[in-house]
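A short write-up of the structure that comes next.
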Amino acid sequence: MSEASKLVVYLELLARGEVESAALARELGLSDREAEHAWSALENLGLIGRIERKNELIVPVSPEAALLRVLRRQRTLIEKRVQEFQHLEEAVASLVDVYIPAVSAERSEIQVSIVSGRNQLLQALNDLSDSAQEIVSFVYSGPTPPLLELRRIFSLDRHLIERGITVRRLHPLRHATAPGGAAHFGNLIDIGVDLRLTPMVPMDMFIADTNLALLPLDPEDPDEGMTVLRGARLVRSFATMFEHIWQGATPYATTRTDRDGLKLTDEQAVIVRMLAEGVKDEKIARNLGVSTRTISRYIAEFMQRLGVTSRFAAGARAAQLGLLDPEPFGADRYSSR
């Protein structure tokens, strides 16, 4: 049942007030299934109440009252989340105190907190940078940051490097192919940032040495906020996760290649982009209307010209050289399949 149909049913309920569900369904010409779907949908929105008697009664609720109930329910969920996190903190403290030997010296260093909102997040990033002694590792999984954010990132990295801190950044390949991405990455490389690309990044992650980390509360919703972990015993496992992903990523090298000799046609740019995203030869050939053998031969030749040994490395290198336009011709021919 469409939203418009459910609205018609709701307006009819408001006009009638309390009514038997079966009688109203008959008058509106609704089947049992359609009626139940309508009642359930309106009940989920808080727009009706259902009174269980011999003949079920439907009671309409004003939209204003329903909204207040939803807001109260949301507040309850938030309070529950806070309580759950407090219980998590208590569990962590209990495990450290009881089951981990010889932690008395480190106990005061272990802390867990939550930051939300841009100002708090920026302050947490500054704290992370200021606390670093040797190395800072950044992982980004979301969209390419806007220009103002890119400038802030550059300034932060330059400040760290001037202090003698090693800066490592891990990005998905799509950041290199976004408008301005290659130029930004080139600037980071020039000041000494160690930059690598990977086909897929699991979540945002910011780690200073093995003592401080910022992790998303919900990896699928970055706006939910970040968890700040302090203490090597809490951070070490996430640092290990980063190292595993880092070792398998492709370095964004500074070596220059003859770009003119590697200039791609629009169709070739589509092929390189697809192979970097892991699309199989058969699908590339099908999308472009050529044989699989032709695609395989082209990819092998292109990898040889770039001096790389993997498909993803070829895509990363092409992006670095600026051979891939942000929106190459025919990109939509495979993204929708």
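The values are calculated or read from the model by the stated rules, or taken from the named source; none is laboratory data. Since we're looking at a predicted model, the values are computed, not measured. Neighbour counts are summed over all protein chains in view; Cβ atoms, including those assigned to glycine, are modelled from backbone coordinates with ideal geometry. Just so you know, the surface numbers come from the protein's heavy atoms only, side chains and all, with ligands and any DNA or RNA stripped out. Shrake-Rupley method; radii C 1.70, N 1.55, O 1.52, S 1.80 Å.
Starting from 0.36 nm per residue, how many nanometres of slack lie between His87 and Gln123 once their C-alpha separation is accounted for?
Numbers: separation 36, 0.36 × 36 = 12.96 nm, distance 2.57 nm.
In short, 10.4 nm is gained.
What net charge is computed for the residues neighbouring His244, neighbours being all others with C-beta under 14 Å from the C-beta of His244, Lys and Arg scored +1, Asp and Glu -1? Numbers along the way, then the final one.
Working: positive: Arg168, Arg196, Arg236; negative: Glu243.
Spelling it out: positives minus negatives among the neighbours equals +2.
Quick check for you: which residues of the stretch 1-15 have the amide N under 16 Å from the point 7 Å beyond the Cα of Arg33 toward its beta carbon?
The answer is 1-2, whose backbone nitrogens lie closer than 16 Å to the label point.
Starting from the Cα gyration tensor of the stretch 1-56, take the square roots of the eigenvalues, sort them a ≥ b ≥ c, and report rounded, prolate or oblate (rounded when a/c is under 1.5, otherwise prolate if a/b is larger than b/c, else oblate).
Values: a/c = 1.33, a/b = 1.19, b/c = 1.12.
Note, shape of the stretch 1-56 comes out rounded.
Ranked by accessible surface with a 1.4 Å probe, highest first, in what order do Arg75, Arg163 come?
Numbers: Arg75 140, Arg163 95 Å².
Of Arg75, Arg163, the descending order of accessible area is Arg75, Arg163.
With θ set to phi - 60° and the Karplus curve 6.51 cos²θ - 1.76 cosθ + 1.60, what are the ³J(HN,Hα) couplings of the stretch 155-171 in order, to the nearest whole Hz, using x for Gly and Pro?
Working through the residues one at a time gives 5, 5, 5, 4, 4, 5, 5, 5, 7, x, 8, 6, 10, 10, 10, 10, 10 Hz.
Working out 0.36 nm times the residue gap between Lys280 and Asp190, then minus their Cα-Cα distance, what length gain in nm do you get to one decimal? Write down the numbers at each step before the final one.
Working: separation 90, 0.36 × 90 = 32.40 nm, distance 3.45 nm.
Gain on extension, Lys280 to Asp190, equals 28.9 nm.
How high is the FRET efficiency between Leu68 and Glu301 when r is their beta carbon distance and R₀ equals 56 Å, given to the nearest 0.05?
Values: r = 66 Å, r/R0 = 1.18.
Here the calculated transfer efficiency is 0.25.
Under a 1.4 Å probe, what is the accessible area of the stretch 134-185 per residue, stated in Å²? All intermediate terms of the calculation are to be shown ahead of the outcome.
Details: 2300 Å² over 52 residues.
Dividing the accessible area of the stretch 134-185 by its residue count gives 44 Å².
Leaving ligands, DNA and RNA out of it, report the carbon-plus-sulfur percent of the accessible area of the stretch 1-142 at a 1.4 Å probe. Could the numbers behind the result be given before it?
Numbers: 5040 of 9490 Å².
After summing per-atom areas, the C and S share lands at 53 percent.
What nm value, rounded to one decimal, do you get for the distance between Leu7 and Arg152 when each label is placed 7 Å out toward the C-beta?
3.9 nm
Quickly work out the Lys54-to-Glu220 label distance, labels modelled 7 Å from Cα along the C-beta direction, and quote it in nm with one decimal.
Using points 7 Å along Cα→Cβ, the separation is 4.7 nm.
Residues in the stretch 173-213 near a label at Thr309, defined as backbone nitrogen under 20 Å from the 7 Å Cα→Cβ point?
From the stretch 173-213, the list is 196-199.
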